[in-house]
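K.L.:
Take a look at the following structure, please.
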Amino acid sequence: MDKAHFLGISVLLVVVLVGPFLALYCFHKRWDLRQAKQARMAGKSMQAQDFAVKVARYFMPSIQIEKHRFHGLTAKSEPMDIRFESLGLELPNGTTVLSGVTGEFKAGTCCAIMGPSGAGKTTFMNALCGKAFYGKPTGKVFINEREASIADFRPCVGFVPQDDIVHECLTVGEQIQSAALLRGEPWTTSKRAKRITEDVLQILQINHIRNTVVGSVEHRGISGGQRKRVNIGLELAADPTVLFLDEPTSGLDSTSSLTIIESLKKLGELGMTSIMVIHQPRYKLFTLFDEVLLLGKGGRTVYQGPSQGAVPYFQRLGFEIPATENPADWLMDLISGEVRSKRFPQVGTHPADWLFETWEQNKAQVGSYFSIPGNLWTEQDDRTVLANLVEAEWHQIDVDESGFLSLDELTRLIRQCTGAEPKKNIVQQLLVAMLEVAGRDPDRDGVSREDFIGYLCSMQVAASRADILQLQDTSSSSESGSDVETIVMEATCCTPTGLVREARGFGSHLFVLSHRQLVLWWRKNSERALFLAVVAFAAVLLASMDKYICPTPLWMPDPYLNLHTALALMQTVYCLGLFGDDKQVFWRESASGVSVLAFFISRVVLNTVDLVMQTFVFVALYFMMLQPHVHFGRFFLPFLLVSFVAAGAGYFISSILPVQHGPFVASLVAFVSCGLMGHPMRVIQMMDGGMLEAVMDVISIARWSVGMSFLLIVEDQGLPPIDSIQGQQRLELEVMIPVYKDRGMWQGHGYWNSGILWLLGMAVVLHSAAFLGLKFTSRTKQI
Ligand SMILES: Nc1ncnc2c1ncn2[C@@H]1O[C@H](COP(=O)(O)OP(=O)(O)OP(=O)(O)O)[C@@H](O)[C@H]1O
Ligand SMILES: [Mg+2]
């Protein structure tokens with residue numbers, strides 16, 4: 001190898017090692033800055049809203065103001081009433097784990113499913129959602145009074161699994177935003193996804209950790225309770241019409257649990273129904289639920305109706321609740337058969353059956369067991385009073401009597417109402433928000449009295465008109481902004497959501513997933529550096545063996561067999577992690593409609609960069625130490641092909657086998673395909689022109705790659721004079737050269753081209769098989 005060639009490869013080696021990292025560093029830095037800016041903007045908008053709340057309370061201290069105002073999550077244009085009749089599930093072994101569950105979940109309500117452990121709560125939710133693949137479901141489900149399956153409305157349905165399945169290497173904000181982009185309606189712009197992310201972060205009270213990486217057991221990032229909220233946030237980000245949650249509050253303290261359920265209930269105002277399995281709620285939380293379904297042992301209904309009706313219902317059956325007992329706990333004891341009825345003492349023998357049968361007889365009368373007092377003072381009354389109070393004070397607010405509230409006047413008003421000195425940019429933010437809510441040009445210098453009153457009143461409603469209008473990108477709206485109620489209704493009616501919501505297409509999934517993968521790729525730099533070091537070590541070790549310890553000439557096939565086997569082994573094992581490490585996340589995403597092909601392509605493409613980099617480091621180091629007289633590019637090609645095939649094998653294994661079996665099977669595959677079936681002597685023996693040779697051609701990587709490397713040296717560098725080669729080496733050469741040269745051809749393409757075609761073919765087949773493996777195994781693993 002001449003000096004220039006050597007220098008060229010060294011420079012390339014440095015470029016390959018440093019270039020991608022430098023490029024990714026710049027990308028990541030930009031990404032970080034954008035995230036930080038987003039957090040700052042969110043902080044500013046929250047401060048502005050705080051001031052607005054204080055101003056409204058200054059005029060009317062008793063006004064009820066919403067804790068959360070939604071900017072991205074929308075009111076549902078078509079809510080979903082769910083009714084189910086005789087829902088049941090029988091396992092393949094004949095056991096009935098759920099039977100005869102009948103009831104209804106009204107749109108926009110917050111419903112709880114309770115019962116002892118093993119009663120069948122998760123099974124009920126799975127059966128209702130059409131996800132109980134492990135048994136034979138029975139019964140009927142009606143959506144808005146039409147018989148249907150909830151699975152048919154998948155884009156509108158969110159399912160929060162019992163286990164927290166989240167992306168451990170992404171920040172809280174990143175994963176919620178990517179979920180919003182992946183699962184939102186096709187018209188979801190990145191602007192809207194950001195607004196949804198803000199809503200979700202705010203409602204789940206995880207805004208302060210938005211830029212924290214979630215982490216895992218080994219590398220702790222956020223707490224268990226926060227992780228649970230992220231788990232819910234991933235589904236909320238899809239802006240679902242119905243949200244199923246399996247134990248969303250387990251592991252949370254009672255205050256946090258209450259906050260989450262209150263938030264979910266708040267979402268009911270947008271028409272979202274929340275149906276959740278819940279354990280041990282405190283009574284205040286229990287009464288927040290509009291409906292409860294109590295399941296007894298064997299998955300049978302013992303009560304379904306308003307939460308406040310549950311205790312009176314059982315009291316009428318003669319069960320007495322001790323004064324100091326939490327009614328929710330008492331209900332659980334009762335369902336489990338721990339409480340005796342005074343009226344029906346015989347119940348003690350078979351409580352579950354009795355409660356079930358009694359419910360069947362009494363369910364029609366459940367509404368008469370309690371009554372809820374009506375609301376005397378309405379939000380509309382609040383608005384009228386506030387509007388009158390502001391009108392009366394207007395001459396003091398609009399000091400220059402221009403008819404508009406300017407930036408200075410607003411600053412003065414805030415100072416007067418809060419006693420604090422507001423920053424100019426926060427006041428500006430508030431002014432813009434007021435103009436946006438009124439549908440005016442945000443560059444205007446001031447807000448009119450109607451718009452100011454409209455904004456203060458709008459804080460009473462959960463979704464703001466301006467935000468909804470912005471989603472539709474209709475900035476040139478001309479309606480007046482005074483009657484907030486009418487406006488919200490109008491906006492709601494024309495929001496293009498419905499039960500038949502289109503899922504996003506392959507292209508947008510691919511874009512979002514590729515972007516996300518790029519971020520993940522960068523976060524795995526230390527892992528990547530470690531693997532590159534291992535690859536470099538392997539190359540130096542093998543080169544030292546061939547050069548110093550057991551000198552072997554490069555015109556023999558043996559060094560290539562070792563090199564290709566080592567490379568294939570490393571790459572197969574490395575690629576196992578691509579689909580094996582976070583399979584549950586994949587199952588969750590594919591169950592929610594994310595394109596499997598987009599997921600596959602986004603991951604494989606970036607991983608291919610890793611493969612090329614590792615192969616290059618491996619080959620370049622070996623090449624520089626041994627310095628064969630051939631072109632580096634031609635020397636490199638067989639190795640690259642080996643990497644592609646080995647990677648395909650790794651993907652395929654990880655897509656169909658459980659993670660724990662991956663390394664064992666991958667090592668075996670690499671050993672058989674390279675070390676065993678690629679050994680030149682075995683290749684010669686197996687070349688019988690029949691079945692054995694065909695099998696070897698199809699499954700052996702090294703059968704092609706070793707021959708390519710070996711013949712390249714023989715033809716380009718040349719052999720030493722044949723007489724100088726003695727003994728075993730000469731014998732082997734005389735047998736091998738004609739065999740590789742003449743018999744290793746495929747349809748007259750020559751050995752080199754045949755090798756390229758076969759190896760490329762193997763790589764394509766294995767990659768396709770991996771994709772199919774992912775696609776079909778995910779079908780039965782619907783999380
Ligand atoms: N995939 C499954 N295959 C076979 N049986 C199952 C499966 N899932 C649940 N079961 C059985 O169904 C019954 C009800 O289980 P389920 O998980 O619905 O209970 P649960 O009420 O949600 O309990 P927990 O409160 O402990 O989560 C159990 O007896 C369980 O063994
Ligand atoms: Mg469960």
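K.L.:
If we keep just the residues of segment 226-251 that are surrounded by 17 or more Cβ atoms within 10 Å (Cβ to Cβ) and within 16 Å of ligand 1 (Cβ to nearest atom), which is modelled with the lowest pLDDT?
P.N.:
For segment 226-251, the residue satisfying everything is Thr249.
K.L.:
Quick check, is Ser263 within 29 Å of Leu98 (Cα to Cα) and part of a helix (DSSP H, G or I)?
P.N.:
no
K.L.:
Restricting to segment 143-162, name every residue that is touching a strand residue (DSSP E or B) at 6+ places or on another chain (Cβ under 9 Å) and touching a residue at least 24 places away in the same chain (Cβ under 8 Å).
P.N.:
Ile143, Asn144, Glu145, Ile150, Phe153, Cys156, Val157, Gly158, Phe159, Val160, Pro161, Gln162
K.L.:
With the checklist (1) within 30 Å of Glu147 (Cβ to Cβ); (2) in contact with a helix residue (DSSP H, G or I) (Cβ under 9 Å, 6 or more places away or on another chain) in hand, flag the one item Phe27 doesn't pass.
P.N.:
All conditions are met except number (1).
K.L.:
A further question follows. Being within 16 Å of ligand 2 (Cβ to nearest atom) and touching a residue at least 60 places away in the same chain (Cβ under 8 Å) is the filter here, so list the residues in segment 76-110 that pass it.
P.N.:
Within segment 76-110, Leu89, Val97, Leu98, Val101 qualify.
K.L.:
Examine segment 92-115 for a residue that is surrounded by 16 or more Cβ atoms within 10 Å (Cβ to Cβ), within 15 Å of ligand 1 (Cβ to nearest atom) and not in a strand (DSSP E or B), and state whether such a residue exists.
P.N.:
Yes; the residues of segment 92-115 include at least one that is surrounded by 16 or more Cβ atoms within 10 Å (Cβ to Cβ), within 15 Å of ligand 1 (Cβ to nearest atom) and not in a strand (DSSP E or B).
K.L.:
Okay, moving on. When you go through (1) of a type outside the set (D, E, K, R); (2) out of contact with any Lys or Arg (no Cβ under 9 Å at 6 or more places or on another chain); (3) within 16 Å of ligand 2 (Cβ to nearest atom) one by one for Leu267, which number turns out not to apply?
P.N.:
For Leu267, the failing item is (3).
K.L.:
Tell me, yes or no, whether segment 651-660 has at least one residue that is more than 22 Å from Ala536 (Cβ to Cβ), touching a helix residue (DSSP H, G or I) at 6+ places or on another chain (Cβ under 8 Å), of a type in the set (Val, Ile, Thr) and crowded, with 24+ Cβ neighbours inside 10 Å.
P.N.:
Checked segment 651-660: at least one residue is more than 22 Å from Ala536 (Cβ to Cβ), touching a helix residue (DSSP H, G or I) at 6+ places or on another chain (Cβ under 8 Å), of a type in the set (Val, Ile, Thr) and crowded, with 24+ Cβ neighbours inside 10 Å.
K.L.:
Looking at (1) away from ligand 2 (no atom under 16 Å from the Cβ); (2) in contact (Cβ under 8 Å) with a residue 24 or more places away in the chain; (3) out of contact with any strand residue (DSSP E or B) (no Cβ under 8 Å at 6 or more places or on another chain), can you tell me which one Lys140 breaks?
P.N.:
For Lys140, the failing item is (3).
K.L.:
What tally of residues in segment 666-681 results from selecting those that are buried (at least 18 other Cβ atoms within 10 Å of the Cβ) and in a helix (DSSP H, G or I)?
P.N.:
Residues in segment 666-681 being buried (at least 18 other Cβ atoms within 10 Å of the Cβ) and in a helix (DSSP H, G or I): 7 in total.
K.L.:
Could you identify the single residue in Leu576, Leu561, Leu567 that is outside any loop (DSSP other than H, G, I, E, B), at pLDDT 90 or above and under 19 Å from Leu13 (Cα atoms)?
P.N.:
None of the others qualify; the one that does is Leu567.
K.L.:
From the list Leu293, Leu236, Leu243, Leu288, pick out the single residue that is of a type in the set (A, V, I, L, M) and over 30 Å from Ser99 (Cβ atoms).
P.N.:
Among Leu293, Leu236, Leu243, Leu288, only Leu236 is of a type in the set (A, V, I, L, M) and over 30 Å from Ser99 (Cβ atoms).
K.L.:
All but one of (1) surrounded by fewer than 21 Cβ atoms within 10 Å (Cβ to Cβ); (2) within 15 Å of ligand 2 (Cβ to nearest atom) hold for Lys121, so report the exception by its number.
P.N.:
Going through (1) surrounded by fewer than 21 Cβ atoms within 10 Å (Cβ to Cβ); (2) within 15 Å of ligand 2 (Cβ to nearest atom) one by one, Lys121 breaks only (1).
K.L.:
Moving on to the next point. For the subset of segment 277-291 comprising residues that are free of Cβ contacts under 8 Å to residues at least 60 places away in the same chain and not aromatic (Phe, Trp, Tyr), which member is nearest to ligand 2 (Cβ to nearest atom)?
P.N.:
Among those that are free of Cβ contacts under 8 Å to residues at least 60 places away in the same chain and not aromatic (Phe, Trp, Tyr), it is Gln280.
K.L.:
Would you mind finding the one in Lys54, Lys3, Lys76, Lys67 that is at pLDDT below 80 and either of a type in the set (Ser, Thr, Tyr) or touching a Cys at 6+ places or on another chain (Cβ under 9 Å) (or both)?
P.N.:
Criteria check complete, one pass: Lys76.
K.L.:
Then there is this: Between Leu712, Leu733, which is in contact with a Pro (Cβ under 8 Å, 6 or more places away or on another chain), in contact (Cβ under 8 Å) with a residue 40 or more places away in the chain, within 20 Å of His564 (Cα to Cα) and assigned by TED's automatic domain parsing to the domain that holds Arg603?
P.N.:
Leu712
Residue-by-condition table, conditions (1) under 23 Å from Arg227 (Cβ atoms); (2) in contact with a Ser or Thr (Cβ under 7 Å, 6 or more places away or on another chain):
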site	(1), (2)
Cys110	yes, yes
Gly118	no, no
Lys136	no, no
Asn144	no, no
Leu182	yes, no
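K.L.:
For segment 682-757, which fully contained helices (runs of 4 or more DSSP H) count at least 2 residues that are under 49 Å from the mean Cα position of the chain (by Cα)?
P.N.:
In segment 682-757, 691-699, 702-712 are the helices (runs of 4 or more DSSP H) which contain 2 or more residues that are under 49 Å from the mean Cα position of the chain (by Cα).
K.L.:
Got a sec? Which of Arg30, Arg57 is away from ligand 2 (no atom under 16 Å from the Cβ), under 29 Å from the mean Cα position of the chain (by Cα) and either among the acidic types (Asp, Glu) or in a helix (DSSP H, G or I) (or both)?
P.N.:
After ruling out the rest, the residue left standing is Arg30.
K.L.:
Working carefully through the options Ser223, Ser254, Ser216, find the one that is surrounded by fewer than 22 Cβ atoms within 10 Å (Cβ to Cβ) and in contact with an Asp or Glu (Cβ under 6 Å, 6 or more places away or on another chain).
P.N.:
The match here is Ser216.
K.L.:
Further, regarding this structure: Hey, does segment 163-171 have a residue that's under 26 Å from the mean Cα position of the chain (by Cα), within 16 Å of ligand 2 (Cβ to nearest atom) and without any contact (Cβ under 8 Å) to a residue 40 or more places away in the chain?
P.N.:
no
K.L.:
Sort through Leu331, Leu258, Leu294 and tell me the only one that's away from ligand 1 (no atom under 16 Å from the Cβ) and of a type in the set (A, V, I, L, M).
P.N.:
Testing whether each residue is away from ligand 1 (no atom under 16 Å from the Cβ) and of a type in the set (A, V, I, L, M) leaves just Leu258.
K.L.:
Return the only residue of Val642, Val612 being within 35 Å of the chain's Cα centre (by Cα) and surrounded by fewer than 19 Cβ atoms within 10 Å (Cβ to Cβ).
P.N.:
Val612
K.L.:
Starting from segment 113-131, take each residue that is within 18 Å of Thr249 (Cα to Cα) and list its partners that are aromatic (Phe, Trp, Tyr) and within 11 Å of ligand 2 (Cβ to nearest atom), counting only C-beta distances under 8 angstrom and pairs at least six apart or across chains.
P.N.:
Taking only residues 6 or more apart or on different chains, the pairs are Ile113/Phe124.
K.L.:
Now, a different point. Which residue out of Pro312, Pro306, Pro281 is modelled with pLDDT of 80 or more and in contact with a Phe, Trp or Tyr (Cβ under 6 Å, 6 or more places away or on another chain)?
P.N.:
The unique qualifying residue is Pro312.
The values are calculated or read from the model by the stated rules, or taken from the named source; none is laboratory data. This is a predicted model, so every value here is computed, not measured. All Cβ positions, glycine included, derive from the backbone under ideal geometry; neighbour counts span all protein chains shown.
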